[in-house]
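Working notes, beginning with the structure itself.
Every read-out reported here was derived from the displayed coordinates using simple, explicitly stated rules and does not represent laboratory data. Bear in mind the structure is a predicted one, so any value in this text is a computation, not a measurement. Here the Cβ positions follow ideal geometry from the backbone for every residue, glycine too, while neighbour counts run over all protein chains shown.
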Amino acid sequence: MESSVAPADTINKLRAAADAACAMQAGMELDLFTPLKDGPMTAGEIARAIGVKSDRLRLLLWALVAAGLLTEREGRFANTDEAKQYLVKGQPSYMGYLHATLANAWTVRLKTAASLRTGVPQDKLDFSNSPSSELEKFLRRINTKNIATTRSLLARHDFSTIKTLADVGCGGAGLAMTIAQTFSQLQVTAIDLAEITPITRKIVKEEGLAGRVEVVSADVVSGPLPGSYDAAILRGLIQVLSAKDARAAIKNIGAALKPGGRVFIIGYVLDNSRVSPSVAVGYNLNFINNFDAGEAYTESEHREWLSEAGFVDIERASYTLAGEMSLITARKPA
Ligand SMILES: C[S@@+](CC[C@H](N)C(=O)[O-])C[C@H]1O[C@@H](n2cnc3c(N)ncnc32)[C@H](O)[C@@H]1O
């Protein structure tokens, strides 16, 4: 008799994917792909290169072979082509730095059921009220990713003719500082809430860029922004706001741009289907745990808010920045 019980293929596949992802994260954190850049090594040689015990490392190496990031032949492990390109330190396409944000994102995601059951985000991030030390830790952590996204933006867009630029919701100002360092002609203003700007100033000063990046306190939701700019860049801002506040923020940013000025919205943007790209779908799990209202909004929602604010030439880039974040650009009519 034929069994009518369907195989648990999806469940097993997902479980295996989570295991493989954990192996990848550990491999990135230990930076074990970098010593393999010069060719295959035994478990003992890799262990010595990264300063760990080889008998336990062996188990992780095999898990990475199963995950498709290493190969093994006659007791020697080697990077796959993908690991060679993305996980070896020093490569321009290096992604191994993601280990810290991945670990943090997954720890937060494991609280999703509790956040929904209690109705209270279990890893709440309130930019106006969370303890300053917590916010500083968060902003310093995401600054690494912020800088990578900015480099990726600069590789695609020419900012050499722009004179005044606002980094709105700047956080640790990774974006503002990277752009200021790249273009000496640019006057860069980093804008954030009054609760955040002391942290921003501290980071900007540490980097020796206090003379190049002006840090200004303003709430982009509640009113007009100080100043007038050729371009505004918002990285990770829209997704931390409610839909109502996101709409108001885009309107206020539009008002602060000069005629012909451009806005660059960088963040997790959902396709209109709401089931892709996977990184935005995944971050919505974080947002359940972080915010009462923020989320990755759809492309249509962004387009609607931008049109309403009077923007034209609204485009969503076909590529992602640093392999992760979407980019939507638009122009204020001249
Ligand atoms: C996820 S963080 C992104 C920080 C930075 N842009 C980056 O990508 O690293 C969101 C930032 O938006 C800021 N923000 C939230 N609401 C804001 C508001 N109403 N006005 C100005 N900034 C705001 C937060 O304080 C925080 O620094």
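Each other residue within a Cβ distance under 12 Å of Ala248 adds +1 if Lys or Arg and -1 if Asp or Glu, for a net charge of 0.
Size check on segment 1-134: the Cα extents along the three principal axes, sorted descending, read 64, 53, 29 Å. Ordering Leu87, Gly119, Ile46 by the projection of their Cα atoms onto the charge dipole of segment 20-140, which places +1 on the Cβ of Lys and Arg and -1 on the Cβ of Asp and Glu, puts Gly119 at the extreme positive end. Taking amide H as placed 1.01 Å from N in the peptide plane, Leu70 has its amide H under 5 Å from the amide H of Val65, Thr80, each at least 5 places away in sequence or on another chain. Placing +1 on each Lys and Arg Cβ and -1 on each Asp and Glu Cβ, with no other charges, gives the chain a dipole about its Cα centre of roughly 460 debye. Under the classification rounded if a/c is under 1.5, otherwise prolate if a/b is larger than b/c and oblate if not, where does segment 145-187 fall, given a ≥ b ≥ c as square roots of the Cα gyration tensor eigenvalues? Taking the square roots of the gyration eigenvalues as a ≥ b ≥ c, segment 145-187 is oblate.
Judged by the gyration tensor of its Cα atoms, with axes a ≥ b ≥ c, the chain is prolate; a/c meets the 1.5 cut and a/b is the larger of a/b and b/c. With θ taken as phi - 60° and the Karplus curve 6.51 cos²θ - 1.76 cosθ + 1.60 applied, the whole-hertz 3J(HN,Hα) list for segment 74-88 is 6, x, 10, 9, 9, 6, 6, 4, 5, 4, 4, 7, 10, 10, 9 Hz, x standing for glycine and proline. Inter-part distance, segment 1-72 to segment 278-334, computed on C-alpha centroids, equals 34 Å. Amide H to amide H distances under 5 Å link Thr298 with Leu270, where only residues 5 or more positions off or on other chains count and H is placed in the peptide plane. Rounded to 0.05, the FRET efficiency of the Ser184 and Lys205 pair, given R0 = 22 Å and the Cβ-Cβ distance, is 0.70. Couplings 3J(HN,Hα) of segment 104-110, computed from phi: 5, 4, 5, 4, 5, 4, 6 Hz, in residue order, whole Hz [Karplus 6.51 cos²θ - 1.76 cosθ + 1.60, θ = phi - 60°; x for Gly and Pro].
Residue-wise HN-Hα couplings along segment 250-258, as the Karplus relation 6.51 cos²θ - 1.76 cosθ + 1.60 with θ = phi - 60° gives them from phi, are 5, 5, 5, 5, x, 5, 8, 8, 6 Hz; Gly and Pro carry x.
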